[in-house]
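Step one of this worksheet: look at the structure below.
FYI, it's all coordinate maths here, none of it is from the lab. Fair warning: this is a prediction, and the values are worked out from it, not measured in the lab. With ideal geometry, Cβ positions are generated from the backbone for all residues, glycine too; neighbour counts draw on all protein chains shown.
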Amino acid sequence: MRPLQAAAHRRGYEVRWLVVADASASILQSDERQCQTIDDARAYRPAVVLAPGNRAPGFIPGLKVQVFHGISEKKRGTLLRDRGLFDLYCTTDPLRTRTLNDLNRDYFDVAETGWIKLDALFGIKPATGYERPQILLASTFTPSLSGAEPLYEEIKRLSRLSEWQWLITLHPKMAAPTVQKYRQLENENLNFFGTEHVIELLHRADVMVSDNSSILQEFMLLTKPVVTYRNYAPVPGMLDIHEPDQLEPALRKALDPEPALLAAIEEYASSLTPWRDAGSSDRVLDAVEQLLGSDWHDRKPLNLWRNIKMRFQLGYFGL
């Protein structure tokens, strides 16, 4: 969300954060202002509420805008299930745009803006000149979709060699014992990083090892090879393996990619989103300003049951 905050500040808008559910406010920086409670958010009376998740409480004032937390992907079934909680969807790609445009649009608008996180990905100049190839492991947390545990022993073996530098980052919801195992692997050839370093790591790495994590899409948008472990629906641009002992040869192939592999990666990246210009946050704000400047009024359904559930989930029972 920080690229969106930066774009809003450039336009002279005030921004405040509301951190709820399983997220931690500790990730906020000292100059980022926060609404500490739901009561604070209601009293603030925002003109706009922008959410990266699938819910926005109706009992907080303002135009509700979903900006999504990833590009379209099918591993969990439907691309989007509209729940009647948003006035505006700022979509990340044509596939998600088509999905929403096919729905009943009596109470919401759709604007294809691109994904705001990509503003950070494409808006920085990466560091270069590392002495050894940099290999990034980034894994999802769902056991049935994750390669972190199955690949552990092989990564442990490879990390004891000095040929490559390993960079490890795991999903915040990864099981604590798995995280601890990888932290304990740290040595001169392997470093463990928190998720706040993800953008830096995506640029730094030459190859990614992943599984079914959506982060591999971001890496492939940089036109870099990915070795996936038992990917749910591998595409031609991925080097998918099914056994841990296939990891090393796949990495060697990825570090010396054939032109056909690079072409397949670029074709896949282009299919994910056309918006790789670091301008998505400004397009989101343009769409918000246009809607607020029209005859917009809240046309969403009452959604009593969903808002009651959110009150219980957020511990808020005020009027």
**Prompt:** For the residues ASP39, ASP82, what sequence is obtained by ranking on other C-beta atoms within 10 Å, fewest first?
**Reply:** ASP39, ASP82
**Complete:** For LYS173, counting only aspartates and glutamates whose alpha-carbon sits under 20 Å away and dropping same-chain residues fewer than eight positions off, the answer is ASP22, GLU73, GLU149, GLU196, ASP211, GLU218
**Message:** Rounded to the nearest 20 debye, what is the charge dipole size of the chain about its Cα centre when +1 sits on each Lys and Arg Cβ and -1 on each Asp and Glu Cβ?
**Reply:** 1020 debye
**Asked** Which value at 222 nm does the chain reach when only helices count, each DSSP H run of 4 or more adding -39,500 (n - 2.57), with the total divided by all residues and rounded to the nearest 500 deg cm²/dmol?
**Response** -9500 deg cm²/dmol
**Message:** Treating only the Cβ of Lys, Arg, Asp and Glu as charged (+1, +1, -1, -1), what charge dipole size does the range 128-272 show about its Cα centre? Round to the nearest 20 debye.
**Reply:** 320 debye
**Message:** Residue by residue through the range 29-44, what is 3J(HN,Hα) from phi via Karplus (6.51 cos²θ - 1.76 cosθ + 1.60, θ = phi - 60°)? Round to whole Hz and write x for glycine and proline.
**Reply:** 8, 4, 9, 9, 7, 10, 8, 6, 9, 4, 4, 4, 5, 5, 5, 5
**Complete:** Listing TYR182, TYR89 by rising number of other beta-carbon atoms within 10 angstrom, fewest first, gives TYR182, TYR89
**Asked** For SER26, SER270, SER281, what's the fewest-to-most ordering of other Cβ within 10 Å of each Cβ?
**Response** SER26, SER270, SER281
**Fill in**
Note: VAL19 to ALA47 extended length (0.36 nm per residue) minus current alpha-carbon separation gives 8.3 nm
